[in-house]
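Take a look at this one; I'll ask things after.
The values are calculated or read from the model by the stated rules, or taken from the named source; none is laboratory data. Since the model is a prediction, treat every value here as computed from it, not as a measurement. Cβ: placed from backbone, ideal geometry, glycine included. Neighbour counts: every protein chain shown. Ligands, DNA and RNA are stripped out before the accessible areas are found, and what is left, the full protein with its side chains, is counted by its heavy atoms. Shrake-Rupley method; radii C 1.70, N 1.55, O 1.52, S 1.80 Å.
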Amino acid sequence: MKITPIIGLEVHVELKTKSKMFCNCSAEHFHVEPNTHTCPVCLGLPGALPVPNITACEWCVKLGLALGCTPNETSFFERKNYFYPDLAKGYQLTQYEKPFVINGKVKVGDQEVRINRAHMEEDTGKSVHISEYGQDLTLIDYNRCGVPLVEIVSEPDITSATMAKDYLLKMQQIIRYLGISDADIEKGSMRCEPTVNLKIEDNGEVFYTPLAEIKNVASLTGVQNAIEFEIKRQTEEFEKTREVKNSKNKTTRGWNAEKAQTFLQREKEGSADYRYFPEPDIPHMEFTPAQIEEIRISIPELPDQKIEKYKSVYSLNDYDSSVIATDQNFADIYETVVTPQNRNDKIKEFAKFVANLFLGAIKTHLNETGEELNQSKINPEYFLNLFDSVQKSEISSSAAKQVIVESYQTGTNPVEIAKDKGLIQVSDTGALEKMAQEVITANPKAVEDYKKNPMSIGFLIGQLMRLSKGSANPQMAKEILEKILNGN
Amino acid sequence: MDLQNLSFKQTRHLLLDKQITAVEIANYFLARTKEIDPKIKAFITITEKEIIDQAQRIDEKIKKGEKLGKLAGAVMAVKDIFLTKGIQTTSSSQVLNGYIPQYSSSIYQKLIDEDVMIIGKTNTDPFAFGASTENSGYFTTKNPWNIEMVPGGSSGGSAAAVAADLCHFALGTDTGGSIRQPSSLCGVSGIKTTYGRNSRYGITAMASSFDCPGVFARDVEDIALVTEITAGLDPHDATTCDIEVPKYTENLKKINIKGLKIGLPKEYFTGSIDPEVKEKVLNAAKEFEKQGAILVDISLPSTDLGIAVYYILIPSEISANMARYDGIRFGQSVDGAPDIVSYYMQTRGKYMEPEVKRRILIGTYALSSGYYDAYYTKAAKVRTLIKNEFVEAFKNVDVILAPCSPTPAWKIGAKVNDPLQMYLADVYTVCINVAGVPGLALPCGFNNQNLPIGFQLIGNFFEEEKLFSLGHQFQQFTDYHQKRPQL
Ligand SMILES: [Zn+2]
């Protein structure tokens, strides 16, 4: 029996526009006094009308373009009708037939996930269920009602839980690069609903298990675990029932993070009828080719492009390239230090040198302090100075790591720090010869050992380093000791 | 001083000449309304406190020599589907009984900013669903010309209030004829503006892509003045248009009737039309002919599809527009429902009027999967067809002239048990809404029972200026608009 998971993801991203999707209320709703960011429009009061937030629409198009989508010539909003107390108007404004953008793709590792569409819609309010005065009460907070959401729908091209996680990380990266959302899964500004089923090949026959859409997954590991659980559950279920997918047996399942299980929420998803129809309160929207071009130009260099550049121009390896590109701020600051013009002939060495410092000492420091990399604390000139010193063997690579963090913290030139700390390597032959003589005289036993076994020179080098308080250039120290001991 | 037969313009002169105060005007209309309204029942709410407050503010301004708004001295009635901050707005439905809005509709606010005084909120069919006010969740308004007859609808309360001189003008809305048909039945003038000319913000929605706010008045001059103030782009209504609003009042004589081509669509003068209505409307056309206009027979062949298209598209939009009346955030609601679904069903079941439920059901059905393409999509296509016929017609004629209603006012109760008959009352008005063009209703005579008859001038998109100019000139050479009912 060969099992291939078929996974599609619906990702909802809350845009961080100043105002809501269809009114002027602040879109801020995290830790805000309930029902203070509301107005007739988002409360769905009689007579109130929606006016689309153009910035949000442009951001949706921008995200679409970044995902390689094509904009629709004309788009319109539609009403999705259903009753729920936190849905003020009794319908949600969304896009169904004509979303802003369609048909894109995203690279995930060396695979590709096709994007069906990205469309604009509005968030609902929040229902809070409480027990008080011996009663079960539901309180509704409409602050979130009408906050702009972009829904990105993938094709079912994802084949494992890990790939789903990588897809989400990639999506998160792109969204953050565009600066249109925090895309924080834990805070709910990015939400995702995987739809999972399995292709099962058994004795030359092919079966597809019923679709299950998983809701309420509130973390990245949650997504991964839920999909893994579902793959296992559907496999077992199929072995028991041999039920295959049809147009009526799609189910909705919830994710219980504590029990690490999905559970049945709703059966027969196929029967829900939302009675979509075009929203008459908002005229159809068109972006002219010039407007699309303007949006396209505003898209910054994206992680994939950066990785490609790091590899081809700076010869960084895959790993370093993608780690630097993960975070836009980090990558941008890296690029203020490393530019293609730096140290022309030695640009690749310089790029690697800076990458090592950024991903090593500096990143470790940032992880310890929980800070983000701060552009104002990075002086590109210092990195060049430090690089030159290392190239001239004045400063060792390990010393460089040590001083760069202090430089980052204090703003002092790292070469100065190295001098102050006596970390400048002694490469003066005369001084080294003097110290070598001293070491040889003081350690006759070790000299005897060396005569028997030249590999034991390490001890004498160590003594010399100690004498120099670590400032001797170890390579030169070794050469000079050997010269004296071998008597030539 | 008897203000009954004075136009707003004349009343304003008296106010500016300090021959009368705003409080006196307010008191006159209050007293008249308290006397007359019990007979015709035009008002759901009479805003006694508000009108006196407003009048006092105006008198204060006059005393201090401050600049007065363009409508200082005018008394206005407002259809009860316009939200009025601090004043109960029921939409003539029990669902909103006692509802005091936190904000005002854009148009109402613009008029208030011009120092208008509000006398009250007028009765309508609930949420404007109807053609006679008989569907109102409160009571039926009576026709001031004969209190056994309907005033037409849905804006019947506003039409009756103007006909009975309880105000200078009244706000209404026209989704399928709800201004022009009651204008015709009550013998007053009324404008249905181009869709997108007047803001819908703050007016409880019936069918969003059809609703057109407008105004009733004794004569076109007052209508032009009010429309000049209300029309234009509203940042709160994305369907309003950024097209300059002409100075309607300064251009009332602008259009030359001589040589003007007036189209008479044959589909509007055949079938079930009452012979007296036909005669009076054609007489109105002849009056224009006498002034040098050329009458042209035209055809709008898809007219008979209008009602079908209308009664598929508007309930569809209604079914969604009514969803917010769920008893959660405002309006009436039941106690003690065991769960949320029961709460919705009991609240909506108890407080929504039968016609409201009927239209929600029709619309929900039309939008259901499996029926959507057969009904909604097809109706939307025919809508385009009807619109194109108007566009084509206006390539050959300057304006179209037609009746507003196939009959004069009918007896209260005559059609209440036959919704289809009631829907046909809109037969001459709906296509104008389906297309979105403007229509101006004007009185043009009476039948043998002294019931008013009206007609409409239909213009191309955003040609209100032309309609006002023609309507005004018509009222210079006729005096039907001056006739008053005996009350
Ligand atoms: Zn709001």
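For the stretch A:53-91, name all the residues that are within 14 Å of chain B (Cβ to nearest Cβ), open to solvent by 20 Å² or more (accessible area, probe 1.4 Å) and among the basic types (Lys, Arg).
Hits for the stretch A:53-91 are A:Lys80, A:Lys89.
Could you pull out the residue among B:Asp304, B:Asp335 that is open to solvent by 40 Å² or more (accessible area, probe 1.4 Å), away from chain A (no Cβ under 13 Å) and within 30 Å of B:Ser209 (Cβ to Cβ)?
Every option except B:Asp304 fails the conditions.
Filter the stretch B:296-305 for residues that are part of a helix (DSSP H, G or I) and farther than 14 Å from B:Thr270 by Cβ and give the result.
Selection gives B:Ser302, B:Leu305.
Let me ask you something else. How many residues are crowded, with 21+ Cβ neighbours inside 10 Å and within 8 Å of chain A (Cβ to nearest Cβ) when one looks only at the stretch B:338-351?
Here the count works out to 1.
While we're looking at this one, here's another question. All but one of (1) on the phi < 0 side of the Ramachandran plot; (2) of a type outside the set (Phe, Trp, Tyr); (3) open to solvent by less than 50 Å² (accessible area, probe 1.4 Å); (4) modelled with pLDDT of 85 or more hold for A:Ser396; which doesn't?
If we test A:Ser396 against (1) on the phi < 0 side of the Ramachandran plot; (2) of a type outside the set (Phe, Trp, Tyr); (3) open to solvent by less than 50 Å² (accessible area, probe 1.4 Å); (4) modelled with pLDDT of 85 or more, just (4) comes out false.
Right, another one. Across the stretch B:198-221, which residue is farthest from the other protein chains (Cβ to nearest Cβ) among those that are within 13 Å of the chain's Cα centre (by Cα) and of a type in the set (Val, Ile, Thr)?
So, considering only residues that are within 13 Å of the chain's Cα centre (by Cα) and of a type in the set (Val, Ile, Thr), the one farthest from the other protein chains (Cβ to nearest Cβ) is B:Val215.
If you take the residues of the stretch B:58-88 that are without any contact (Cβ under 8 Å) to a residue 60 or more places away in the chain and within 22 Å of B:Gly202 (Cβ to Cβ), which of them is surrounded by the fewest Cβ atoms within 10 Å (Cβ to Cβ)?
B:Gly86
A follow-up question, please. Name the residue, out of B:Thr173, B:Thr133, B:Thr141, that is crowded, with 24+ Cβ neighbours inside 10 Å, modelled with pLDDT of 95 or more and over 30 Å from B:Ala380 (Cα atoms).
Just a single option satisfies the conditions, and that option is B:Thr141.
Right, another one. Just give me the residues in the stretch A:6-33 being basic (Lys, Arg) and near the ligand (Cβ under 9 Å from one of its atoms), in sequence order.
A:Lys20
Does B:Asp237 satisfy being within 14 Å of chain A (Cβ to nearest Cβ), in contact with a Phe, Trp or Tyr (Cβ under 6 Å, 6 or more places away or on another chain) and not hydroxyl-bearing (Ser, Thr, Tyr)?
So B:Asp237 passes the test.
Does the stretch B:38-47 contain at least one residue that is among the β-branched types (Val, Ile, Thr), at pLDDT 95 or above and touching a Pro at 6+ places or on another chain (Cβ under 8 Å)?
Looking through the stretch B:38-47, at least one residue is among the β-branched types (Val, Ile, Thr), at pLDDT 95 or above and touching a Pro at 6+ places or on another chain (Cβ under 8 Å).
Here's something else I'd like to know. What number of residues within the stretch B:89-128 satisfy the criterion of being within 12 Å of another protein chain (Cβ to nearest Cβ) and more than 20 Å from the chain's Cα centre (by Cα)?
Count: 7.
Separate question: Please enumerate the residues belonging to the stretch A:137-182 that are in contact with a Cys (Cβ under 7 Å, 6 or more places away or on another chain), away from every other protein chain (no Cβ under 14 Å) and part of a helix (DSSP H, G or I).
Residue satisfying the conditions is A:Leu168 alone.
Scan the stretch B:24-44 and tell me whether some residue there is free of Cβ contacts under 8 Å to residues at least 60 places away in the same chain, surrounded by 14 or more Cβ atoms within 10 Å (Cβ to Cβ) and among the β-branched types (Val, Ile, Thr).
No - not one qualifying residue is present in the stretch B:24-44.
Additional query: Just a yes or no: is a residue in the stretch A:60-74 polar (S, T, N, Q), more than 11 Å from the ligand (Cβ to nearest atom), out of contact with any Ser or Thr (no Cβ under 6 Å at 6 or more places or on another chain) and part of a strand (DSSP E or B)?
There is at least one residue in the stretch A:60-74 that is polar (S, T, N, Q), more than 11 Å from the ligand (Cβ to nearest atom), out of contact with any Ser or Thr (no Cβ under 6 Å at 6 or more places or on another chain) and part of a strand (DSSP E or B).
Output the number of residues of the stretch B:189-224 satisfying the condition of being surrounded by fewer than 23 Cβ atoms within 10 Å (Cβ to Cβ) and not in a loop (DSSP other than H, G, I, E, B).
2
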